[in-house]
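Reading through the structure tokens given below for one structure.
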Amino acid sequence: MSEKFRIGIVGAGRGRSYFSPFAAMAETEVTAICDLDQSALDQIGDQYQIKQRFTNYDDLLDQVDIVVLATPENLHVPQSVQALQAGKHVISEVTAAVSLDQCTELVQAVESSSAQYMMAENLCYQKSNILIRNMVQQGVFGDIYFGEGEYVHDIKSLHHDGQGNPTWRYYWQVGVNRCNYATHSLGPVLDWFGERVKSVCSLGTGIHTDPEHAMEDTVLMLCKTESDCLIKIRIDMLSTRPANSYFSLQGTKACYEGTRGFGDQPKISIEGEAWQPFSNFESEFLPDRWTNPSAEAQAAGVTGEYFELRDFIDALLNGTPPPLNVYRALDFTVPGLVSEESIANGGTPVAVPDFR
Ligand SMILES: NC(=O)c1ccc[n+]([C@@H]2O[C@H](COP(=O)([O-])OP(=O)(O)OC[C@H]3O[C@@H](n4cnc5c(N)ncnc54)[C@H](O)[C@@H]3O)[C@@H](O)[C@H]2O)c1
């Protein structure tokens, strides 16, 4: 391929994390950026020396081959649809959609476009989660039947801007009482199970910490998978406490427990034997590209974000389906959306529609 893919990054916050991986790859170049906020745009443009700067998304779309949507969650679907209709590939930040209607719109747009779509659920590419997935696939855990994912992150300070006005997070992360923003927690665990969720039951703690929001402080979502296994998700973006992102997995032959901070170590027990440090398994079960990274991967910092984007670019080059395509993106997103109905009805099970 002689010409590089021209990448346009939309959203100057999380959008920053995409510069380093794309700079390392021979086939990509970030050529344009877009943000409504001119000062944020100029700050990031100066930092990464990007000349094409747009405050209007339509103008950016004309100039690029791939858009990265690091914009507020409610904009992911309208901006994805617009890009796909223009024949531009899409990398969308999480979550894929904020309503079931948006899910339908997104699938229709992907199915009628020549371009590709991926949701960038970077936790599926986190080193620890990749290691567990490989161990599961190689049978170390036996049959797996229970998993947990927790995203506990006090981000009250992000719900208003410096002037006290509500931000997008006020509405789309804590403004609806459901298991919002669950893809970081559910995605990796569903990857281990290799299936989808068929129903969810959801309950919350009540509202204690920040009463102006509709979302209860902690929301739990119990997910029944297609093969009747159980996944427990905890989301809390309100409680006053240190952050943690925790995972666990139980199989017939082995179990895994991640960390909850304060010096905790990730650990694995095989056949009921004493815990072993996670690092004991890295050389045997991490993919070669992690243990023996290429010069390109090293230039990008050997991160999950790099491998995720590398896989997407390879899919485009090879004409193969992208990892985390629209159906998988919705497998991760839709349980959280329908949990609203469960929580409103006292935790009754709600079926999770399959958008395939
Ligand atoms: N994968 C992860 O680990 C991770 C981490 C943080 C955020 N995120 C996701 O990234 C996205 C952005 O989050 P953030 O923390 O950067 O939010 P943010 O509010 O800090 O930044 C969003 C940016 O988008 C800009 N924007 C808003 N509307 C726009 C529009 N129509 N066109 C162009 N720009 C527009 C805003 O001006 C702002 O600069 C969200 O979807 C969030 O869920 C993912």
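The values are calculated or read from the model by the stated rules, or taken from the named source; none is laboratory data. Note that the coordinates shown come from a computational prediction; the quantities given were computed from them, not determined experimentally. Please note: Cβ atoms are built from the backbone with ideal geometry, for glycine as well, and neighbour counts cover all protein chains shown.
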| task | Look through His160, His184, His153 and report the one residue that is within 14 Å of the ligand (Cβ to nearest atom) and either without any contact (Cβ under 8 Å) to a residue 12 or more places away in the chain or over 19 Å from the mean Cα position of the chain (by Cα) (or both). | result | His160
| task | Identify the residue in the stretch 32-58 that is hydroxyl-bearing (Ser, Thr, Tyr) and surrounded by fewer than 19 Cβ atoms within 10 Å (Cβ to Cβ) and, among all such residues, is farthest from the ligand (Cβ to nearest atom). | result | Tyr48
| Before we move on, is Glu340 touching a residue at least 60 places away in the same chain (Cβ under 8 Å), over 22 Å from Leu123 (Cα atoms) and either touching a Cys at 6+ places or on another chain (Cβ under 9 Å) or not assigned by TED's automatic domain parsing to the domain that holds Ser245 (or both)? | yes
| request: Look through the stretch 108-129, keep the residues that are more than 23 Å from Asn318 (Cβ to Cβ) and out of contact with any Ser or Thr (no Cβ under 8 Å at 6 or more places or on another chain), and return whichever of them is nearest to the ligand (Cβ to nearest atom). | output: Gln126
| message | Please list, ordered by residue number, the helices (runs of 4 or more DSSP H) wholly in the stretch 279-335 having 1 or more residues that are within 18 Å of the chain's Cα centre (by Cα) and assigned by TED's automatic domain parsing to the domain that holds Ile66. | response | 304-318
| remark: Every listed condition ((1) in contact (Cβ under 8 Å) with a residue 60 or more places away in the chain; (2) closer than 21 Å to Ile343 by Cα) holds for Ile207 save (1)
| field | Candidate set from the stretch 1-31 (those that are small (Gly, Ala, Ser) and within 11 Å of the ligand (Cβ to nearest atom)); member that is farthest from the chain's Cα centre (by Cα) | value | Gly8
| How about the stretch 18-59: which of its residues are part of a helix (DSSP H, G or I), farther than 18 Å from Trp168 by Cβ and touching a residue at least 40 places away in the same chain (Cβ under 8 Å)? | Tyr18, Ser20, Pro21, Phe22, Ala23, Ala24
| said: Any residue that is assigned to a helix (DSSP H, G or I), more than 11 Å from the ligand (Cβ to nearest atom), in contact with a Ser or Thr (Cβ under 8 Å, 6 or more places away or on another chain) and not assigned by TED's automatic domain parsing to the domain that holds Arg169 - is there at least one of those in the stretch 61-78? | reply: no
